[in-house]
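The values are calculated or read from the model by the stated rules, or taken from the named source; none is laboratory data. Since this is a predicted model, take the numbers as computed values, not measurements. When we count neighbours, we look across all protein chains shown, and the Cβ atoms used for this are built from the backbone with ideal geometry, even at glycine. All accessible areas refer to the heavy atoms of the entire protein, side chains included, with ligands and DNA or RNA removed. Shrake-Rupley method; radii C 1.70, N 1.55, O 1.52, S 1.80 Å.
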Amino acid sequence: DGGIKVAIVRPSVETDDPTVVVPFVNYVRAARRSVVAELNGRCPPVGCVDGPVTMALTGLPVIITEEAESLIISTSVTGVFAALGILLILLIGFRSFPQTVLSLLPLCATLVWSMGFAWAAFGALNLITAAAVPVLLGLCIDSGVHFIARYNEAVEQGCGPEDAIIEAVLGAGPGLVTGALTTAGVFFALAISEFKGYQEMGLITAFGIMSGL
């Protein structure tokens, strides 16, 4: 009849956990599409007199769902651009594709372990913890860069491949471990924050840095 109708639909569990809210909202969205298609199908072939029936969703569950969907896209785009930037700089600096790949291996392992920890401990990333991905990309690339640089330095001094590896480990290893421990300690300190988002980000980032060792 051209009027506006309002329906209140709530999940059976009162929570803001995306793992619960997102499936609920997707279920409501599917029901909305079905209802809209059915109602518009009842109109004459020329169309409804007052225009087609439309249905929109709003409320906290919808906002949480849209944030979760945006995080997936934003994290992926940020990660891809950051990885491409790191790859380009390493190629320019090392002038060697194999060494570039080798320097990226610890970083890849760090991201896998840290995202696995985030999933196991917290279920999903949020608007704050999503920033851990570019932070880890920037911090954890150091170990590979320093190790390869010390290896090349030893080779230039006349060392063979095996001796150069030993020199790189002994030369860069202690500094990398000390730097990683101090940096991880700073992020571990966020665990005492009263804000849950900072707590989770600190733990995820610290775990990622430690796993990069």
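Going by the alpha-carbon gyration tensor, a ≥ b ≥ c the square roots of its eigenvalues, is the chain rounded (a/c under 1.5) or, if a/c is not under 1.5, prolate (a/b greater than b/c) versus oblate? Prolate is the answer for the chain, as a/c is 1.5 or above and a/b outweighs b/c. Surface calculation, 1.4 Å probe, protein heavy atoms: S103 sits at approximately 0 Å² accessible.
If you take the square roots of the eigenvalues of the alpha-carbon gyration tensor of segment 56-129 and sort them as a ≥ b ≥ c, do you get rounded (a/c under 1.5), prolate (a/b over b/c) or oblate? Here segment 56-129 falls in the oblate category. Dividing the summed -39500 (n - 2.57) terms of all DSSP H runs of n ≥ 4 by the residue count of the chain sets its mean residue ellipticity at 222 nm at -25500 deg cm²/dmol.
For the chain, the longest principal axis of the Cα atoms and the long axis of helix 196-211 meet at an angle of about 40 degrees. Any idea how far the Cα center of segment 100-117 sits from the one of segment 171-199, in Å? Distance between centres, Cα-based: 17 Å. At full extension, T78 and E162 could sit 26.5 nm farther apart than now, given 0.36 nm per residue minus the alpha carbon distance. With respect to the chain, whose longest principal axis is taken over its alpha-carbon atoms, helix 97-122 is tilted by about 50°. Along the chain, counting only GluC sites (Glu not before Pro) with a DSSP assignment other than H, G, I, E or B and at most 12 other Cβ atoms inside a 10 Å radius, the longest segment between sites is 15-193. A probe of 1.4 angstrom, applied to the heavy atoms of all protein chains, finds C159 with accessible area near 40 square angstrom. Heavy-atom accessible surface of I192, to the nearest 10 Å², is about 150 Å², with a 1.4 Å probe and all protein chains retained. Extension gain for the segment D50 to F195, taken as residue separation times 0.36 nm less the Cα-Cα distance, is 47.3 nm to one decimal.
Ligands, DNA and RNA are left out, and with a 1.4 angstrom probe the accessible area of segment 68-187 is 58 Å² per residue.
Compute the separation of the alpha-carbon centres of segment 32-93 and segment 1-30 and state it in Å as a whole number. Cα centres, segment 32-93 to segment 1-30: 16 Å. By how many degrees, 0 to 90 and rounded to 10, does the Cα axis of helix 18-41 deviate from the longest principal axis of the chain? Approximately 40 degrees, to the nearest ten.
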